[in-house]
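K.L.:
Following this message is one structure expressed as structure tokens.
The values are calculated or read from the model by the stated rules, or taken from the named source; none is laboratory data. Nothing here was measured: the structure is a model prediction, and the numbers come from that model. FYI the Cβ positions are ideal-geometry reconstructions off the backbone, even for glycines, and counts take in every protein chain you see. Note: areas computed on protein heavy atoms with side chains; ligands, DNA, RNA excluded. Shrake-Rupley method; radii C 1.70, N 1.55, O 1.52, S 1.80 Å.
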Amino acid sequence: MSQFGLFGTDPWWLVIVKVLGIFVMLVLLTLFTIWWERRVVSRMQNRIGPNRVGPQGLLQSLMDGVKLALKEEILPKAAHRAVYWIAPVISATAAFLAFAVIPFGPTVSIFGVETPLQLTDFPVSVLYVLAIASIGVYGLVLAGWSSGSTYPLLGGLRSTAQVISYEIAMGLSFVAVFLYAGSMSTSQIVLAQEPIWFAVILLPSFLIYVTAMVGETNRAPFDLPEAEGELVGGFHTEYSSLKFALFFLAEYINMVTVSALATTLFLGGYLAPWPISLWESANTGWWPMVWWLLKVQIFIFVFIWLRGTLPRLRYDQFMKFGWKVLIPVALIWTIIVAAVRILRDQVALTNTELLIAGVVLILILLAGAWVLQGRAERREQQRDADRAARAERQLDLVPGAHPVPPMPSQTFEYTPRRSALLTTQATMKEAEDA
Amino acid sequence: MTEAVSDFNLGETIVFWVCGGLAVLGALGMIISRKAVHSALFIALTMINLAILYVANAAPFLGMVQVIVYTGAVMMLFLFVLMVVGVDSSDSLVETIKGQRFAGLLLGIGLGLLLTVGIGSALTTSGDIGLTAANDAAGGNVQGLAQLMFDDYVVAFQATAALLITAAVGAMVLAHRERWTPRKSQPELSEERFRDGGHPGNRPSPGVYARHNAVDTPALLPDGSTSLDSVPGPLRARDDVRDVDPADVDEIRELTKGVDS
């Protein structure tokens, strides 16, 4: 693994220093994010928000955390003890683990040892983040199941379905990045964005990822697993005290993790943004960590902004959006990116030829969209006509009863899929009459 | 081979014994535990430990994909189904098919033998060129796997994919149910709700203006009469509605005198 240079050569004490550093940073970032979220949302709602404890209320979330930890622990009678106990632990552990491969900066010198500002890296570290995220889901789903109560179970089911669905779109949005970076390791991907960020050249991937990351972290407007109007608190309804605190911690760390991953994959990681990058030593020493932190904070602000702005989606619309819009779009985009790569690298088309091909492709797509639009309109008209016809006929099989398949002697009400059959029957009847 | 053995360092040995032990424990627990959900959890434990062993054996891609696909998606679907089917269902130990256990034992031993012989012969007869040489030949572990899957064995790979998709589509066809009545759209549902003069908003909560807010205490309307709408239907059906103190009614009437109701 020569390409990984200094990774894996750290002395043991440096590994411990890095692990502790990441742990402390994540806990502090969680405390800060909670305060930041409450302040920003307050401002958006014409309130002031927490401003009593510490300067500007900065210590509010610390105090809330202490209070939460000292609260009474309540164990539901119907809970499955072992699983109930281990679920928040899985959630929180997975949240911390994902940060092992996030690069904060280039090589620096710590106590005289040259080392990259990253705990570790290996050829598939982006896949590692995905793997850890899928282990984290176990925490939610087990919490829902082991609480022995209805609402948590429903919340757990919802969050599983949601995270699995949006993980697919998320994974697909990575493919284009891998193709362009030629690597799945986070440090290599950052370095591959030296002249230009992937968010610019791979804009659709970036947009898909940003949408999927909100769904993945169960945040508004995709916070259906904890929709308080429907499910009380979702999977953590029955949790209290420290165990609840662990879930809370995991949620905010996950927010930071997906933001950090977005920064790494699309916004050039720790590389300085344009006007600053003109300064020669912008990408050396400890400075890059500042750019990294600023970029992550921008994503976190977007999370808060979305929460303050958008209403929650309906569950079925949300799933439809994930499966029928996000995934197909991601697939098509991946194919386009791969095709362009092959045309340029192996068929050796020039940029002009590629441009012409692109224009032709866009024209074809527009024509296709036009045809589809026409079909959709016709279908809409058909549906309206059907509805009108239905309203006229109104024949219920057994009025008010549970819908069951009709007996052979019964006629059944018209449904869209039945239209072909009805026509056939009508023709047959006509033939018989004649 | 001897060279490879001497390559083991202390860390690798510790990882092997810890993860190997946990994987075996998980496998045993999966067979022994009575609850289906516990079995699923144990098998997830085994899978994760195997993934760590893969990574330790310089197969990082395989390890990660194992966790993403098997632990993250397949086992999660299992859990999903178990949770939906029954929160407390435990397996019955009655043999439903005659001779099932004996056949299972036979097949298990057969599979074990096949695997042992297959892997054993592969290890002894194929000349191994060493991990570094194999990885370097393709320019990396992931690149090497990609070369094998999308170049050398692309037909087998695509055939497997086609098989899996056929299975998924088949399951959907088998589970498909025809709708016998049309699905009502949201506007239709909302029209239906109000067609027979439904109440457009929340009903008044019990005890509004009254001196007591128990569910069986009806709310008082501004003119002093009681609102039966505020008491839950079952209580009304049982005639379990509490009488309101006439003094309260008088007081309300006094208070709201002159107010348009």
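Residues checked against (1) open to solvent by 50 Å² or more (accessible area, probe 1.4 Å); (2) touching a strand residue (DSSP E or B) at 6+ places or on another chain (Cβ under 9 Å); (3) part of a helix (DSSP H, G or I):
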| site | (1), (2), (3) |
| --- | --- |
| A:R307 | yes, no, yes |
| A:R312 | yes, no, no |
| A:M319 | no, no, yes |
| A:W323 | yes, no, yes |
| A:I332 | yes, no, yes |
| A:I335 | yes, no, yes |
| A:A338 | no, no, yes |
| A:I342 | yes, no, yes |
| A:L354 | no, no, yes |
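K.L.:
Now for a different question. Pairs only if they're at least six apart or on different chains, beta carbon under 9 angstrom, first in segment A:44-56 and under 17 Å from A:T33 (Cβ atoms), second open to solvent by 100 Å² or more (accessible area, probe 1.4 Å) and of a type in the set (F, W, Y); list them, first residue then second.
P.N.:
That search, which allows pairs on different chains as well, returns A:M44/A:W305.
K.L.:
So A:Y270 passes all but one of these: (1) among the hydroxyl-bearing types (S, T, Y); (2) touching a Gly at 6+ places or on another chain (Cβ under 9 Å); (3) part of a helix (DSSP H, G or I). Which condition number does it fail?
P.N.:
Among (1) among the hydroxyl-bearing types (S, T, Y); (2) touching a Gly at 6+ places or on another chain (Cβ under 9 Å); (3) part of a helix (DSSP H, G or I), A:Y270 violates only (3).
K.L.:
Go through segment A:293-330 and report how many residues are of a type in the set (F, W, Y) and farther than 24 Å from A:V175 by Cβ.
P.N.:
4
K.L.:
Among the residues of segment A:28-46, are any part of a loop (DSSP other than H, G, I, E, B) and not basic (K, R)?
P.N.:
Looking for residues that are part of a loop (DSSP other than H, G, I, E, B) and not basic (K, R), one finds at least one in segment A:28-46, hence yes.
K.L.:
Of everything in segment B:190-203, what is exposed (fewer than 10 other Cβ atoms within 10 Å of the Cβ) and within 24 Å of A:R383 (Cβ to Cβ)? Give them in sequence order.
P.N.:
Across segment B:190-203, the qualifying residue is only B:R195.
K.L.:
Looking at (1) within 11 Å of chain B (Cβ to nearest Cβ); (2) open to solvent by 20 Å² or more (accessible area, probe 1.4 Å); (3) over 30 Å from A:V290 (Cβ atoms), find the lone condition where A:Y128 falls short.
P.N.:
All conditions pass for A:Y128, except number (3).
K.L.:
In addition: Mind counting the residues in segment B:178-200 that are farther than 21 Å from A:D386 by Cα and at the interface with chain A (Cβ under 10 Å from one of its Cβ atoms)?
P.N.:
Looking only at that region, the number is 0.
K.L.:
Within segment B:233-261, take every residue that is assigned to a loop (DSSP other than H, G, I, E, B) and surrounded by 14 or more Cβ atoms within 10 Å (Cβ to Cβ) and give me the one that is nearest to the chain's Cα centre (by Cα).
P.N.:
Taking the candidates together, the pick is B:V241.
K.L.:
One residue is enough: does segment A:280-290 have a residue meeting the conditions under 20 Å from A:P195 (Cα atoms), of a type in the set (G, A, S), in contact with a helix residue (DSSP H, G or I) (Cβ under 8 Å, 6 or more places away or on another chain) and surrounded by fewer than 17 Cβ atoms within 10 Å (Cβ to Cβ)?
P.N.:
yes
K.L.:
Just give me the residues in segment B:39-74 being within 11 Å of chain A (Cβ to nearest Cβ), polar (S, T, N, Q) and open to solvent by less than 20 Å² (accessible area, probe 1.4 Å), in sequence order.
P.N.:
B:T71
K.L.:
Any residue at all in segment A:92-110 that is modelled with pLDDT under 80 and open to solvent by 30 Å² or more (accessible area, probe 1.4 Å)?
P.N.:
Within segment A:92-110 (the criterion being modelled with pLDDT under 80 and open to solvent by 30 Å² or more (accessible area, probe 1.4 Å)), the answer is yes, since at least one residue qualifies.
K.L.:
I'm trying to understand the selection: among the residues of segment A:163-175, which are away from chain B (no Cβ under 12 Å) and among the polar types (S, T, N, Q)?
P.N.:
Answer for segment A:163-175, where residues must be away from chain B (no Cβ under 12 Å) and among the polar types (S, T, N, Q): just A:S173.
K.L.:
If we scan segment A:81-92, do we find a residue that is of a type in the set (G, A, S), more than 14 Å from chain B (Cβ to nearest Cβ) and closer than 23 Å to B:V74 by Cβ?
P.N.:
Yes, segment A:81-92 has at least one match.
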